[in-house]
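Below: the structure, in structure tokens.
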Amino acid sequence: MTNQCISYPLTLELALLTEVVTDITTRDAFSISLVAGAMVGTMAAFISIFATGLDNPDISLSIRSGIVAGSSTSVLLLIFALYRIREISSKGDSREEKRKVETEYLRTILSPIEERAKEHGIIWNVKNMIRRDRGVLMVEIAELEPPLAAALAERLIKGRDGLRKVKIRTAFSGGPTATKSNHGSRPAILQRLKIDAERVNWQVIQKSSSITLRPMGESPSPRLWAIRFGVFVIPVTLVMSLAFRDLAGNGLEEQGIIFGSVCGILISALAASFRDRTP
């Protein structure tokens, strides 16, 4: 039971972390909720089978446990996703225009890097090396020398006020083109970012072929937190209490309701506390 309770906030946390990667539609929200519910339901069913004993497993109980856990997860994620979509859409329809402005802004502040690259005989132009990838602003630096990469990081830091999430591609992932990457550019840019990224409210996320600068975001005000909590707590707590009542089995319904209610309140508090990373 405890393992299942823990899985819910972890799933919600993953959803929160992906909020700025791509534009999520209502259809996507339903799809994500169904997939997550199917995954959690399958795991819950297997856990129940192991818990009841492999020699004589209670298949009907395991199937019911999987259905309850999976459907509860789907409902919780769907509630949060639809709320988040509504919250973002209420800020207006000027997102594409803002993205164009941000892209041109980044090209402008990095244009001196293009001039310096020409002086070193490197073909690197802002029009081709700065673009959008699944909605995220991306900069290609795989062919830049370390001094140019460090200078690029410096200009990113200085121009932080006009930027949100920026992905810096330091190497071409896979294939024969991987040899084109300058192995010294990544350490150079990381060294510079580690000094000032946190100061300008950027979180540095490293992957094998890229470095992502993600806004740390702002914590919700007490009023906004209370509004979010009020939206989530009733449906989430109700779903969790009913789910754990069924999972607890005969004679333990009251304990299941109490346990599920506590989990619902904790999950609602977690969902209400997410940082707003939108401008």
Relative packing of 268-274, 237-243, 30-36, which averages over residues the other C-beta atoms within 10 Å, highest first: 237-243, 268-274, 30-36
Separation in nanometres of the label points that stand 7 Å from Cα toward Cβ, at GLU253 and GLU115: 7.7 nm
Footprinting exposure proxy for GLU143, GLU104 (fewest neighbouring C-beta atoms within 10 Å first): GLU104, GLU143
HN-Hα J in Hz across the range 136-142 - Karplus 6.51, -1.76, 1.60, θ = phi - 60°, x for Gly and Pro: 9, 5, 10, 10, 8, 10, 4
Potential extension, ARG199-THR26 segment - 0.36 nm per residue separation minus Cα distance: 58.7 nm
Pairs from LYS167/LYS207; LYS118/LYS167; LYS100/LYS207; LYS158/LYS207 whose Cα-Cα separation, in the structure shown, is over 21 Å: LYS118/LYS167; LYS100/LYS207; LYS158/LYS207
Computed lengthening from ILE123 to SER219, 0.36 nm per intervening residue step minus Cα-Cα distance: 30.4 nm
Prolate/oblate/rounded label for the range 95-215 (Cα gyration tensor, a/c 1.5): rounded
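Read-outs: derived from the displayed coordinates by stated rules, not from any lab. In this text the structure is predicted, and so the values were computed from the model without any measurement. Cβ: placed from backbone, ideal geometry, glycine included. Neighbour counts: every protein chain shown.
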